[in-house]
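Heads up, the thing below is written out as C-alpha cells.
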Amino acid sequence: MAHLMKPINRRGDRIRIAVASSILALLCLGGAAFAVSQGGTDNPVPVSEDAGLAVDKSPSAEEVRKIGRFSMLEEPTQESLAELSKTERDLIVYGLKQTDGKQPGALSSVGRVQTTLGSSVLVFTSSDKICFYSTKSSGQNLGTCVPMDSTISHGAYVTGENFGSGDFYLLGLVPDDVEAVDTGREKASDIQLYGNIYEAVVGPEDLNVVGRSESGEAVIKQSIPIGMYAGK
Amino acid sequence: MNKLGIACLLLTLAFLGVGLRQDKAEASNGSCNFYSGSGWFCKWQDNPAPTGVRIYFDAASGTNKRPWYWLDMHEDYDYQSPVQKKCLGYKDFGGEIHSLICGGGSIGSNIPSSWRPGWAYIRQFSGGYRNIFGRGWHTS
C-alpha cells in the first residue's frame, strides 16, 4: 500500500511545486514589468508605459500660440519632443491629464529652459490650461497646471520644501511683459528669470514677488505665504 | 521539498489576498485601486475642508502608511472654486512633516524614496471651507 501511495504523493508534490513556481514566476514577471513601466527610476511619474503623447494640430492650438504672452512656448515638433528626457515626456503626458479633469488633453505648445540651479523646467499648454514642471538634478519633480487666463493676468507659482534642506524651492511662471522679478527687499537679486520662468531657493518666510516691466512698473504681484506653508 | 512548496504557495496566496483586500477596500474618505501600468492609485477628499487642517489619506483598512511615490492635489473636479493657497504634504516614517508643494492649480510632486513609506495629506488656506481632494500613487 505504501509503495502505491508514494507516486501519488510525488505527483502531488510536483503539482504543488509547479503551481507555486508558476505563481512566483508570475509575481516576478509582474514586478519586473511594473519596474520597467516606471522607467526603472526612483522617481517615476504616474503614467502608463503605453500612454501616448497627443499633439494638437488644430487651428485652436495655433490660436493659443498666437496669444504670444509666453514667448518661450513653441509649436511641438518631432525633433523638439525627441530632445525630452523620459521623465519630461512622462510629465507632459501626466500634465495633459490634469487639464480638464475628464479627458486627457492634447499638447498645443511646449518650451523648456535649463536653470543655473540645475533644473530643467518644462512649460506646455493644452486647451485653456498652461502647465509648468521642474525636474531637478536632486531628483525632485514638481509642478502644476493652471488656467491660462489667470496666469496671463496674475502669473502662477508653486513652492515646496527643497529636498534635503530646510529651505523652500520656488518656481513661478509670468507672461512676457515681465522683464525682471524681485521680492521688494533690499537685496532683490535672489530671483532669476529664465524666459517666462523664475526660480529661487528661499527661506521659510513669507514673500512678496513682484514682476516688473522693462520700465520697472510692477505688472505682477504675488503674495506667497511660505511661512504659513512651512508651518508644522 | 513538500513543505517548502506548500509554504511558498501559502505565502504567495497570503500576499495576493492582502492585495485583493486592499484593492476592494472601501475607505472612510480614501479608496485605492491597482493598475498594472502605474501601481496603486488612491484618492481621498474632504468636502468641505476647513482651513489649515491636514486631511490625511484614511483608508478603512487602516493601511494608511504607504510607499507613496507621487501625490497630487486638486481643488474641485469642475475647477470652479480655485484655492490658490493650498499644500500637499507628507509625514515620513520617522514622523517628520514635509510641505511637498503649495500653490494654485493641480499641484503635483514626487516623494524621495528615503522618505517612504509615510502618510499623505492635503491642506488648504483659503480662510474658509473649500472642497479639496488628493490623489496618490504607490508601489506594493
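With Cβ to Cβ distances under 10 Å as the rule, what net charge do the other residues near A:Leu122 carry (K, R +1; D, E -1)? Walk me through the intermediate numbers first.
Working: positive: A:Arg89, A:Arg112; negative: A:Glu88.
Summing Lys/Arg as +1 and Asp/Glu as -1 gives +1.
Checking every one of the GluC sites (Glu not before Pro) in segment A:65-173 against DSSP loop status and a limit of 12 other Cβ atoms within 10 Å picks out A:Glu83. Couplings for segment A:197-202, taken from phi via the Karplus curve 6.51 cos²θ - 1.76 cosθ + 1.60 with θ = phi - 60°, read 10, 10, 8, 7, 10, 10 Hz in order; Gly and Pro are left as x. The relative contact order of segment A:59-230, computed from alpha carbon pairs under 8 Å that lie at least 6 residues apart in sequence, is 16 percent. With the simple model of a label 7 Å out from the Cα in the direction of the Cβ, A:Ser213 to A:Ser137 spans 3.7 nm.
Couplings 3J(HN,Hα) of segment A:135-142, computed from phi: 10, 9, 5, 6, x, 7, 10, 7 Hz, in residue order, whole Hz [Karplus 6.51 cos²θ - 1.76 cosθ + 1.60, θ = phi - 60°; x for Gly and Pro].
Which residues does a label at A:Ser153 reach in segment A:165-182, if reach means a backbone N under 15 Å from a point 7 Å past the Cα toward the Cβ? A:175, by backbone N distance to the label point. Among the listed pairs A:Lys97/B:Lys43; A:Lys129/A:Lys221; B:Lys43/B:Lys91; A:Lys136/B:Lys91; A:Lys86/A:Lys136, those with a Cα-Cα distance over 19 Å are A:Lys129/A:Lys221; A:Lys136/B:Lys91. Say a paramagnetic label sat at a point 7 Å from the Cα of A:Ser127, along Cα to Cβ; which residues of segment A:139-167 have their backbone N under 12 Å from it? Once the point is set 7 Å along Cα→Cβ of A:Ser127, A:147-148 turn out to lie under 12 Å by backbone N, inside segment A:139-167.
Taking amide hydrogens as placed 1.01 Å from N in the peptide plane, the amide H of A:Leu107 sits under 5 Å from those of A:Ala54, A:Val55, A:Asp56, each at least 5 positions away in sequence or on another chain.
Projected onto planes of every orientation and averaged, the convex hull of the alpha-carbon atoms in segment A:59-230 covers 10.1 nm². Across segment B:39-55, computed HN-Hα scalar couplings (Karplus, 6.51 cos²θ - 1.76 cosθ + 1.60, θ = phi - 60°) run x, 6, 10, 10, 9, 8, 7, 9, 9, x, 9, x, 5, x, 8, 6, 9 Hz from first to last residue, x flagging Gly and Pro.
Read-outs throughout are calculated quantities, based only on the coordinates presented, and are distinct from any laboratory measurement. These numbers come from a predicted model, not from an experiment. So basically every Cβ, Gly included, is an ideal-geometry build from the backbone, and we count neighbours across all protein chains shown.
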